[in-house]
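Below you'll find the structure, written out as structure tokens, and then a few comments.
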Amino acid sequence: MSAVVRLHNVHKSFGSHKVLEGVSFEVGRGEVAAVIGQSGSGKSTALRCINALETIEHGSIDVCGHAVHDPKLDRRSLRRDVGIVFQSYNLFPHLTVEQNIMLAPTCVKALPKAKARELAREVLARVGLEAKAENYPEQLSGGQQQRVAIARSLAMQPKLMLFDEVTSALDPQLTGEVLKVMEDLARGGMTMILVTHEMAFARKVASQVIYMHKGKVWETGPGSMLDAPKTAELASFVGSGL
Amino acid sequence: MPTFSLVHLEFLGWAALWTLGLSAIAFIGGGLVGFAVALARISPVRGLRWAAIGYIQIVQGTPLLILLFLIYFGIAILGFSEVPALAAAGLGLTIYSSGFLAEIWRGCIQSVPRTQWEAAECLALTPWQRMTRVILPQAARIATAPTVGFLVQIVKNTSLASVVGFVELAQAGKLINNSIFEPFTVFMVVAAIYFAICFPLSTWSRSLERKLNVGRR
């Protein structure tokens with residue numbers, strides 16, 4: 001099986017603070033990997049390293065055939081293959097929902113306006129928000145904004161999607177509607193890596209759970225590993241979450 | 001002895017047009033240069049960044065009056081004997097405005113949240129696309145009020161152009177007063193004309209802000 005993402009012995013620090021201390025894991029095509037762990041365990045940083053938002057000091061990261069650790073990396077070509085959704089949505093406030101989605105396909109892939117609009121309607125339908133195409137982000141609820149952010153990423157037809165704590169700013173009901181969209185994506189065969197605090201979702205949807213602790217991959221396995229933790233740290237982490 | 005009359009008012013009217021023209025030159029010239037300097041100021045190229053910082057510091061740390069003298073007499077020393085007053089004043093005010101507009105706009109560009117830059121970058125936009133399609137439209141909204149505020153400063157500072165022999169509104173007032181000795185009347189009229197130019201600018205700023213506020217209701 002060829003891995004879409006392969007991290008090998010990745011080290012990263014901010015100043016003297018070591019955030020990642022030898023992180024290695026692999027994610028195969030169509031797999032859904034859930035990265036869990038306490039705040040400060042390095043899970044978000046690991047995710048940001050995958051699409052070169054952070055540069056690493058040591059180790060290697062290969063993503064969809066791109067050597068991300070290589071200083072000569074073509075970032076734009078990497079980002080055409082990798083979509084990312086952030087905790088704070090990061091929609092462009094001066095553009096309508098539809099324009100938010102059309103921007104990258106028209107700019108980056110030189111798609112004609114009409115085609116891009118068609119594409120926007122299509123991805124909006126996938127997240128159940130066709131009716132909001134003409135609205136500005138501020139007029140939407142947090143959950144709707146996050147679904148638009150997912151649609152915006154989808155419009156670039158990425159081979160891999162990263163989700164950085166995408167439901168952490170949402171109440172339980174809005175969280176539910178976003179998770180449902182992500183579950184649909186997973187069922188559609190999208191390769192996904194998500195940093196999340198939603199244990200139930202990780203257990204149910206993830207094909208691989210990666211538990212990070214103190215900048216290292218502490219334990220990894222299928223969703224069921226959450227029910228039978230091998231390490232004391234994971235046991236206490238899962239225990240405190242219940 | 002003659003008193004303040006329509007003739008004088010007409011003279012002031014023409015002078016006011018020169019004030020407007022000089023302001024326009026200063027704002028357009030200063031805007032173009034200032035925008036380039038603002039971009040250089042945040043460039044990833046260190047040399048460019050330092051050059052922009054140096055330029056801004058020198059311009060902001062020099063009185064406009066001295067800048068105008070330097071240009072007027074400096075050009076003469078370089079061998080161009082007859083410098084038109086308009087050219088000297090226009091150049092001086094352009095340099096002056098560019099130094100301030102660069103710093104105002106640099107601040108506005110950088111006040112667009114970091115996350116917006118990241119989101120644009122992650123959608124594979126080029127740095128230029130990111131700047132023109134995502135960052136600048138948002139920075140423009142933030143920049144409106146301080147930019148128009150500075151534009152009003154420019155209008156008033158054109159009065160310094162009189163030192164290089166340029167007859168604009170303030171200088172015209174002085175000339176009229178020299179002949180009729182009614183300083184209060186003359187300079188009240190001059191002040192009223194300045195106000196009549198500046199007030200609509202402020203009003204325009206508010207309406208522009210509302211228009212650019214799209215997306216935030």
*asked:* Of the candidates A:114, A:149, A:169, which one comes out as most mobile in a Gaussian network treatment of chain A with C-alpha springs shorter than 10 Å?
replied: A:114
*Mind giving me the nanometre distance, one decimal, between the label points for residue B:87 and residue B:199, set 7 Å out from Cα along Cα→Cβ?*
3.9 nm
*What is the calculated FRET efficiency for residue B:184 to residue A:169, with r their C-beta to C-beta distance and R₀ = 51 Å, to the nearest 0.05?*
0.20
_What FRET efficiency comes out for residue A:159 versus residue A:232 if R0 is 51 angstrom and r is the Cβ-Cβ distance? Round to the nearest 0.05._
0.85
*Percent of alpha-carbon pairs separated by more than 37 Å within the protein assembly as shown*: 45 percent
_Please list, in order along region A:40-54, the HN-Hα scalar couplings obtained from phi with the Karplus expression 6.51 cos²θ - 1.76 cosθ + 1.60 (θ = phi - 60°), rounded to whole Hz, x for Gly and Pro._
x, 7, x, 5, 5, 4, 4, 5, 5, 5, 5, 10, 6, 6, 10
*Based on alpha-carbon positions alone, could you give the equivalent ellipsoid semi-axes of region A:1-116 from the gyration tensor, as √(5λ), descending, whole Å?*
29, 17, 14
*Helix A:113-126 versus the longest principal axis of chain A: what angle, 0 to 90°, nearest 10, using Cα atoms?*
50 degrees
*Added length on full extension, which subtracts the Cα-Cα distance from 0.36 nm per residue, residue B:111 to residue B:66*: 12.9 nm
*asked:* Run the numbers for residue A:125 and residue A:113: contour at 0.36 nm per residue of separation, minus the present Cα-Cα distance, in nm.
replied: 2.5 nm
_Rounded, prolate or oblate, given the Cα gyration tensor of chain B, with a/c below 1.5 counting as rounded?_
oblate
*Label residue B:77 and residue B:11 with points 7 Å out from Cα along Cα→Cβ: what is the distance between them in nm?*
3.5 nm
_Approximate spin-label separation residue B:36-residue A:13, in nm, with each point projected 7 Å along Cα-to-Cβ_ = 4.4 nm
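Taken together, the values in this text are just the output of simple stated rules run on the coordinates, not laboratory data. Quantities reported herein were computed from a predicted structural model and do not represent experimental measurements. Positions of Cβ are generated from backbone atoms using ideal geometry, with glycine treated the same way; all protein chains shown enter the neighbour counts.
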